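Report on the following structure.
The values are calculated or read from the model by the stated rules, or taken from the named source; none is laboratory data. Small disclaimer: the values here were computed from a predicted structure and weren't measured. Ideal geometry is used to build each Cβ from the backbone, glycine not excepted, and the neighbour counts take in all protein chains shown.
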Amino acid sequence: MSNVYQTVVRQFDRAADRMGLDASIRKILAEPMNEVVIHFPVKMDDGRIEMFSGYRVQHNDVLGPFKGGLRFHPSVDIDEVRALATWMTWKSAIVDIPFGGAKGGIQCDPILYSDQELEHITRRFAFSLGANIGPEYDIPAPDVNTNAQTMAWILDTYLSTLPPGERHRSVHVVTGKPVEAGGSLGRDKATGQGVVFCIERWAQDRTVDLSKATYFVQGFGNVGSWTAKLLKPFGASLVAVEDHTGAIANADGIDPEELAAYVEETCGIAGFPKAAPIDHESFLRTKADMFIPAALENQLTAETAPWLDARVKVVAEGANGPTDLDGDRILGEKGIDLLPDILCNAGGVVVSYFEWLQNKRSEFWDLEEVDGKLRKRIMGGYDRVREAADEYDVNWRTAAYIVALKRLARLYKRRGIFP
Ligand code: GLU
């Protein structure tokens, strides 16, 4: 069992023990419902055939259709996808949307392929998934190294396999689509927007003045860059950033818009002229008020969590699983607040739900409506998690699990187990 899946299992056990979760429901939720593994061939630009491994794990669908992203990354394997699918079930339950949890991906490094090859890889995977996805069954979305274009290819491939009369009513088979292909306004920035709503609420709670706050971000893809751009109007200052190309710092502040424009051109933050390069340890030792990990799993561990400076007041998890169990313990000992992933980064799946609803009803909402409804969902989730943390006297990660598990347990109790 990989590190990251072990983390999920232990997080789950901890919350289930603390809340006294019913033993049968505990057994059911401890394992994913379905696991699809597909090995498929793709013809490369030079005519060679390469084999790829694709995954879709469907953890639970008792609250609604399976829902979750697809990522393209060398680290994708069955255990990672299991962990990510399980987190999706908790995430939707916390923000009270009618979805279950799933996740998938392809084990590959997209940098190695041309746009045409990526299109072929994506389309062939979508075709191979076949009836394992569907608008009322399992609905993929973007994740690490996938985006609206990826979703458009999946949409087109999926619809092409249907009889003509069924195509228009199946557009909600994926979310995170380009706006012109049935996507929702505000979906692109949604995860970052959710992180910022969470931080806003936390700052109110802790009477932190965001206009004087400093922060550092790990990852400057969709989540990291949108979080930084949306924090700018609050006056918070971005003082260090790290991504797969390196880390940079500037105590006077880095402009998120300028950095995003630079990354758009160069595909990474390395060499950004208005900041100095630093190493990984110095990055994690940045003296700032807030840390926003928005990249991959297992970044704050027994080794690295002690590096966080005494000034850090909160870790707001834009990524899924950036802190392992030792990391959690160390944050607690240091008195650092935690906005856990399954609450903090739920904005993406919330606006996916709005996109799915708009498609089903043939509606198109304006941005104010999307943002207003997202704010309510995130703030509602935040309040429920805070209450559970007080009631059970646990850290916010365990509290978030308790909120999710209670919702699932209530439903299982009503429905019972077939036969
Ligand atoms: N990949 C995102 C996540 O981890 C969004 C999932 C979705 O919109 O279905 O939450």
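Could you check Tyr215 against (1) outside any strand (DSSP E or B); (2) surrounded by 21 or more Cβ atoms within 10 Å (Cβ to Cβ); (3) touching a strand residue (DSSP E or B) at 6+ places or on another chain (Cβ under 9 Å) and say which number it fails?
(1)
Residue-by-condition table, conditions (1) among the hydrophobic types (A, V, I, L, M, F, W, C); (2) within 22 Å of His172 (Cα to Cα):
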{"position": "Val4", "(1), (2)": "yes, no"}
{"position": "Met44", "(1), (2)": "yes, no"}
{"position": "Arg82", "(1), (2)": "no, no"}
{"position": "Gly104", "(1), (2)": "no, yes"}
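Kindly indicate the residue of the stretch 144-164 that is surrounded by fewer than 19 Cβ atoms within 10 Å (Cβ to Cβ), touching a residue at least 12 places away in the same chain (Cβ under 8 Å) and not in a helix (DSSP H, G or I) and also farthest from the ligand (Cβ to nearest atom) among those meeting that condition.
Looking at the filtered set, the residue picked out is Thr161.
Could you grab me the full set of residues in the stretch 281-299 that are within 24 Å of Lys229 (Cβ to Cβ) and either aliphatic (A, V, I, L, M) or in a helix (DSSP H, G or I) (or both)?
Phe283, Leu284, Ala288, Met290, Ile292, Ala294, Ala295, Leu296
Give me a count of the residues in the stretch 341-378 that are in a helix (DSSP H, G or I), within 15 Å of the ligand (Cβ to nearest atom) and touching a residue at least 60 places away in the same chain (Cβ under 8 Å).
Of the residues in that region, 20 qualify.
Just checking, how many residues over the stretch 33-72 are within 17 Å of the chain's Cα centre (by Cα) and surrounded by fewer than 18 Cβ atoms within 10 Å (Cβ to Cβ)?
Qualifying residue count for the region: 0.
Can you tell me which of (1) touching a Phe, Trp or Tyr at 6+ places or on another chain (Cβ under 9 Å); (2) crowded, with 22+ Cβ neighbours inside 10 Å; (3) assigned to a helix (DSSP H, G or I) is the one Glu258 doesn't meet?
Checking Glu258 against (1) touching a Phe, Trp or Tyr at 6+ places or on another chain (Cβ under 9 Å); (2) crowded, with 22+ Cβ neighbours inside 10 Å; (3) assigned to a helix (DSSP H, G or I), the one that fails is (2).
Starting from residues that are without any contact (Cβ under 8 Å) to a residue 40 or more places away in the chain and either among the β-branched types (Val, Ile, Thr) or in a helix (DSSP H, G or I) (or both), keep the ones in the stretch 12-32 and report whichever is surrounded by the most Cβ atoms within 10 Å (Cβ to Cβ).
Going through the qualifying residues, I end up with Arg26.
Hey, any hits in the stretch 89-101 for a residue that's modelled with pLDDT of 95 or more, surrounded by 15 or more Cβ atoms within 10 Å (Cβ to Cβ) and more than 22 Å from Cys344 (Cβ to Cβ)?
Within the stretch 89-101 (the criterion being modelled with pLDDT of 95 or more, surrounded by 15 or more Cβ atoms within 10 Å (Cβ to Cβ) and more than 22 Å from Cys344 (Cβ to Cβ)), the answer is no, since none of the residues qualifies.
What is the number of the single condition among (1) buried (at least 24 other Cβ atoms within 10 Å of the Cβ); (2) in a strand (DSSP E or B) that Gln193 does not meet?
Answer for Gln193: the failing condition is (2).
For the stretch 73-99, enumerate the residues that are part of a loop (DSSP other than H, G, I, E, B), of a type outside the set (Gly, Ala, Ser) and either more than 14 Å from the chain's Cα centre (by Cα) or more than 11 Å from the ligand (Cβ to nearest atom) (or both).
His73, Pro74, Val76, Asp77, Asp96, Ile97, Pro98, Phe99
Which count do you get for residues in the stretch 315-331 that are part of a helix (DSSP H, G or I) and either within 16 Å of the ligand (Cβ to nearest atom) or out of contact with any strand residue (DSSP E or B) (no Cβ under 8 Å at 6 or more places or on another chain) (or both)?
Residues that pass the stated criteria total 3.
Based on what the data block shows, is Leu129 modelled with pLDDT of 95 or more, more than 14 Å from Gly348 (Cα to Cα) and more than 16 Å from the ligand (Cβ to nearest atom)?
No, not satisfied.
Which ones in the stretch 105-123 are more than 12 Å from the ligand (Cβ to nearest atom) and assigned to a strand (DSSP E or B)?
Ile106
Quick one: which residue in Ala102, Ala141, Ala126 is in a helix (DSSP H, G or I), among the small types (Gly, Ala, Ser) and farther than 23 Å from Thr245 by Cβ?
Only one candidate passes the filter, namely Ala126.
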